[in-house]
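Written below as structure tokens is the structure these notes are about.
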Amino acid sequence: MTMAKYNITEKKVKEAAYRTLVNPQLMDDLKERILDVIVMKKKYKDKDYSAKKLADDLGTNTRYISAVVSVQFHMNYTSFVNKFRIEEAMTLMVDKRYQDLTMEEVSDMVGFANRQSFYASFYKFMNMTPREYRMQHYEKHPSQKVQKRKKDK
């Protein structure tokens, strides 16, 4: 058969095996435990908190972590963690208490290793740069903008 030449049947088997790698009960349990560590305990802020460390903390392996994050959240581990970093960054950028922070400082506070990965990740999720997001917010809420930011002088 010519179909085998294109690996059509093999791909389907591989995909199905991946989905059943973790049984539904274990998947739900791991999903809750992953959310607890990454979100509730704010491990997303830790630049060095890898999928390997998460797996070790949860007594499992990175393959299970990857499978659960992929199936339950429809993204890879890095994107999953970055999503929470971006959400916190967005909150900080429009908070009057933090308006003097540079983008580098915001990036560092939420757990990005460097400014480049912060910008790339922010753009991927929001389809705009962090600065564009901040400016857009102040255009919509002019009363929240302070006349002259210290760092702009």
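The values are calculated or read from the model by the stated rules, or taken from the named source; none is laboratory data. Values in this document were obtained by computation on a predicted structure and should not be read as measured data. Cβ placement follows ideal geometry from the backbone for every residue including glycine, while neighbour counts extend to all protein chains displayed. Heavy atoms of the whole protein, side chains included, go into the accessibility calculation; ligands, DNA and RNA do not. Shrake-Rupley method; radii C 1.70, N 1.55, O 1.52, S 1.80 Å.
Could you tell me which of the residues 135, 109, 75 is open to solvent by 30 Å² or more (accessible area, probe 1.4 Å) and either outside any helix (DSSP H, G or I) or small (Gly, Ala, Ser) (or both)? Even if it seems obvious, please write down each step before you answer.
On the way: 135 fails: either outside any helix (DSSP H, G or I) or small (Gly, Ala, Ser) (or both); 109 fails: either outside any helix (DSSP H, G or I) or small (Gly, Ala, Ser) (or both).
The match here is 75.
Tell me which residues, restricted to the range 93-106, are within 18 Å of residue 47 (Cα to Cα) and surrounded by fewer than 17 Cβ atoms within 10 Å (Cβ to Cβ).
Step one: list which residues in the range 93-106 are within 18 Å of residue 47 (Cα to Cα), which gives 103-106.
Passing the criteria: 104, 105.
Taking the condition of being within 30 Å of residue 27 (Cβ to Cβ) and modelled with pLDDT under 95, how many residues in the range 92-112 meet it? Break it down into steps so the answer makes sense when it comes.
Step one: filter the range 92-112 for residues within 30 Å of residue 27 (Cβ to Cβ), giving 110-112.
Within this subset, residues satisfying the condition of being modelled with pLDDT under 95 are none.
Count: 0.
Considering (1) under 30 Å from residue 26 (Cβ atoms); (2) in contact (Cβ under 8 Å) with a residue 12 or more places away in the chain; (3) open to solvent by 80 Å² or more (accessible area, probe 1.4 Å); (4) not small (Gly, Ala, Ser), say which one residue 53 fails and leave the rest.
So residue 53 meets the others, but not (2).
Specify which of the listed residues (118, 84, 80, 122) is assigned to a helix (DSSP H, G or I), of a type in the set (Phe, Trp, Tyr), touching a Pro at 6+ places or on another chain (Cβ under 6 Å) and buried (at least 17 other Cβ atoms within 10 Å of the Cβ). Steps first, please.
Numbers: 118 fails: touching a Pro at 6+ places or on another chain (Cβ under 6 Å); 84 fails: touching a Pro at 6+ places or on another chain (Cβ under 6 Å); 80 fails: touching a Pro at 6+ places or on another chain (Cβ under 6 Å).
Only one candidate qualifies: 122.
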